[in-house]
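Heads up: the structure comes next, in structure tokens.
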Amino acid sequence: MNITTAGESHGKGLFCIIEGLPAGLTLDLAEINEYLALRQTGYGRGARQKIERDEAKILSGVRDLRTLGSPVTLAVWNRDYANWKDYMAPEGCDVSRRTLTKVRPGHADLTGLKKYGGTDARNILERASARETAVRVAAGTICRQMLRELGIEVIGYVRSAGGVTDEKEYAFDELSGRLDELYMMDKYVQARAMAVIDECKDTGDTCGGIAELRVRGLKCGFGSCMTSAQKLDGRLAGALMAVQAVKGVEFGLGFGAAVRRGSAVHDEIYYDEEQGYYRKTNHAGGVEGGMSNGEELVIRLAKKPIPTLMRGLNTVDYVSHEAVRAATERSDVCSIKAFTVIAESVLCTELSKVVLERLGGDNLAEIKERYERLPK
Ligand code: EPS
């Protein structure tokens, strides 16, 4: 399976083509739109979300809500394009307006200009913007629906926002109780995080956070120890690192494993007739030797604060070379909940690729049968 996305933040829309989806998957369009709506929410989200009502349109590869095995094309149209077409229209527009030369530290602006040429960072930021993730959530939800057919479930929650961290551990089934505002689990911890977000808003600042993703039902043996390119953790980490603003990925104990002794890191192995092989701990986060080991996948992602700060950081104008304050457009103060929805979706997509590579198959029935035959 392969996915290509296209589209600019203030262009006509976001688009993607998914190649290699099996035939016979019944799509739940309402669920795709629910995840798109969730991506738009969260305490600290910005004003753009008041304009957009993201909705996925299926343009190909599906008939009567069932996939055909042909490439699936998705579109999420930008409502804001109506306000931007005079400066963004591919057919001709006024590129002398809405320019951005006060390049923002932490954004793609400066490096993108040096790489692609020109003097207007608009040409860079329009694509670098996390708006692109809207269509990745739509595609990821289709992948989620395919994984669900195999009994594989994906969910995430927020462990830390604005530097306020929930240190408790939660069982998979508890995670559906994540709270609306920030997807945190503990309302007292969340209230403190929301107060930090308020403070950031008042001071023209932004803040990031940590999301934890969990996968249940993935049988052992996905990924491979045989070549580095096939390692499951390498592939998932690569896909997740490529989500805008991610600065770190860890599996299981992650960085914590580096400071413990081996006896406190490796998950000891037991056997009984009923369960077969099992472990009492999951410090590995479900991956050993680059392969799923049948335990839950546990992945944590560090997301940096959004680089557009209303108070503006020190920078240099790309044209005049004068010391200035960085450009400020409307911005999100904190987008950690939206990010969690995005990260879950990207995980569903990469996991689907790995699953389909191992199981092959042209139609869902064939793939389900092959998955069921695998040992746990
Ligand atoms: C986003 C829409 C954008 C930003 C955000 C993501 O809207 P606008 O730029 O029109 O306000 O809010 O983009 C970024 C975080 C970024 O770094 O560019 C969205 O729909 O998710």
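Here, each number is a calculation from the coordinates, and none is a lab measurement. Keep in mind it's a predicted model, so treat the numbers as computed, not measured. Neighbour counts are summed over all protein chains in view; Cβ atoms, including those assigned to glycine, are modelled from backbone coordinates with ideal geometry.
With point charges of +1 on the Cβ of Lys and Arg and -1 on the Cβ of Asp and Glu, referenced to the Cα centre of the chain, which listed residue (V137, G13, S320) lies farthest in the positive direction of the dipole?
Of the candidates, S320 comes out farthest on the positive side.
Give the separation of the Cα centroids, the range 201-258 to the range 46-84, in Å.
Cα centroid of the range 201-258 versus Cα centroid of the range 46-84: 27 Å apart.
Of K12/K187; K231/K376; K115/K231, which ones are farther than 28 Å apart at the Cα? All intermediate terms of the calculation are to be shown ahead of the outcome.
Numbers: K12/K187 39 Å; K231/K376 19 Å; K115/K231 31 Å.
In this structure, K12/K187; K115/K231 lie more than 28 Å apart at Cα.
Taking 0.36 nm per residue of sequence separation and subtracting the Cα-Cα distance, how much length would be gained by fully extending the chain between R79 and A229, in nm to one decimal? Could you put the intermediate results ahead of the total?
Working: separation 150, 0.36 × 150 = 54.00 nm, distance 3.96 nm.
Stretched fully, the R79-A229 segment lengthens by 50.0 nm.
Assuming 0.36 nm per residue, please report the length gained on full extension of the stretch D186 to R373 beyond their Cα-Cα distance. Write down the numbers at each step before the final one.
Numbers: separation 187, 0.36 × 187 = 67.32 nm, distance 3.96 nm.
Between D186 and R373, full extension yields an extra 63.4 nm.
Over the chain, what relative contact order in percent results from Cα pairs under 8 Å that are six or more residues apart?
Details: 783 pairs, mean separation 86.6, N = 376.
Reported as a whole number, the value is 23 percent.
Compute the distribution of all C-alpha to C-alpha distances in the range 99-373, in bins of 10 Å from 0, and list the percent of pairs in each, rounded to whole numbers.
Histogramming the range 99-373 at 10 Å steps yields 6, 25, 30, 22, 12, 4, 1, 0 percent.
Given R₀ = 51 Å, FRET efficiency for H266-S96 by Cβ-Cβ distance, to 0.05?
Details: r = 62 Å, r/R0 = 1.21.
Approximately 0.25, to the nearest 0.05.
Which parts of the range 315-332 would a label at T119 reach, counting a residue when its backbone N lies under 20 Å from a point 7 Å out along Cα-to-Cβ?
315-328
Hey, how many Å between the Cα centroid of the range 298-335 and the Cα centroid of the range 130-157?
If you average the Cα positions of each part, the centres end up 29 Å apart.
Along the charge dipole of the chain, which of I299, A82, V341 sits closest to the positive end, that is, farthest toward it, with unit charges on the beta carbon of Lys, Arg, Asp and Glu (+1, +1, -1, -1)?
A82
Go ahead and run the numbers for FRET between E169 and D362, Cβ-Cβ distance against an R0 of 41 Å, rounding to 0.05.
Details: r = 41 Å, r/R0 = 1.00.
With a Förster radius of 41 Å, E is 0.50.
If you put +1 on each Lys and Arg Cβ and -1 on each Asp and Glu Cβ, how big is the dipole of the chain around its Cα centre, in Debye rounded to 20? Let's see the in-between values first.
Values: 52 positive and 53 negative charges, 184 e Å.
Value, rounded to 20: 880 debye.
Starting from the Cα of A302, step 7 Å toward the Cβ, then list every residue of the range 198-234 with an amide N under 14 Å from that point.
208-211
Please list, or write none, the aspartates and glutamates whose alpha carbon is within less than 15 Å of the alpha carbon of K114, excluding same-chain residues fewer than 8 places away.
Candidates past the 8-residue exclusion: D317.
Between L29 and A242, how many nm apart are label points set 7 Å from Cα along the C-beta direction?
Between L29 and A242, the simple spin-label model gives 2.9 nm.
Only Lys, Arg, Asp and Glu count, each charged at its Cβ (+1, +1, -1, -1), so figure out the dipole size of the range 49-151 about its Cα centre, rounded to 20 debye. Kindly include the intermediate steps, with their values, before the conclusion.
On the way: 19 positive and 13 negative charges, 51 e Å.
Taking the Cα centre of the range 49-151 as origin, the dipole is about 240 debye.
Which residues in the range 1-21 place their backbone N less than 20 Å from a point set 7 Å from the Cα of K353 along the Cα-to-Cβ direction?
1-7, 15-21
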